[in-house]
């Protein structure tokens, strides 16, 4: 009797192991989509708002359009209704939001998304990002108001010019800010448990009002360095 039970358990173990093996051997499935917002659509744009659990890369160019490339990668076994990233303009605000998730089941993997968005250099208004996970990279934005509210996302902002105010609030994600070596700015940087490293301490000028940089983190590190 015991021998029979052991044989049954062994058979179940073999089946489960084979199932997991098949799941891990499933190839990654990638889908890509590009959305373009024309110069006519964004002429009165006052804010770009990105909100979701996806990696974000922001660049600028001489283009007059906003180009948004969305990549979705599925790993392992994934079932359920996973809505596409939503992007739309309402009340002169461009919203890029995470799609709805309904009854998602992931085995041996999951779904990751990445947003690559290219913004005209001429865009000067607010850039707002809210994220829970994944990396955020902002390169040479000319926005006069950059605001980021993140939980576990590592964020890097690299600027050739400081065009206005920068505010970053983080929980567990590290903040890495790269600024011009010869520009003055007003700085407030504080981390409750992490370390604050400022390699541009000679650039800090509390009398400056138009270039306010406010960085705060609960448990992670903040680094300010020259670009």
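Structure notes:
- Full extension of the chain between residue 51 and residue 32 gives 4.9 nm of extra length, using 0.36 nm per residue less the Cα-Cα distance.
- Gap separating the Cα centres of segment 157-199 and segment 50-74, nearest whole Å: 22
- By average C-beta atoms within 10 angstrom, highest first, the peptides 211-224, 40-53: 211-224, 40-53
- Sorted on the mean count of surrounding Cβ atoms within 10 Å across their residues, most packed first, peptides 120-126, 133-139 read 133-139, 120-126.
- Rough spin-label spacing in nm, given labels placed 7 Å along Cα→Cβ, for residue 169 and residue 218: 1.2
- Given their separation in residues at 0.36 nm each and the Cα-Cα distance between them, residue 89 and residue 225 gain 45.5 nm when the chain is fully extended.
- Residue 132 paired with residue 63, simple spin-label distance in nm, labels 7 Å along Cα-to-beta-carbon: 2.9
- Between the beta carbons of residue 205 and residue 156, assuming R0 = 30 Å, the FRET efficiency works out to 0.80 to the nearest 0.05.
- Most to least packed among 182-188, 169-175 [average Cβ atoms within 10 Å]: 169-175, 182-188
- Shape call, segment 83-227: gyration tensor on alpha carbons, a/c limit 1.5: oblate
FYI, it's all coordinate maths here, none of it is from the lab. Computed from a prediction, not measured in an experiment: that's the story for all the values here. All Cβ positions, even for glycine, are placed from backbone atoms using ideal geometry, and neighbour counts span all protein chains on display.
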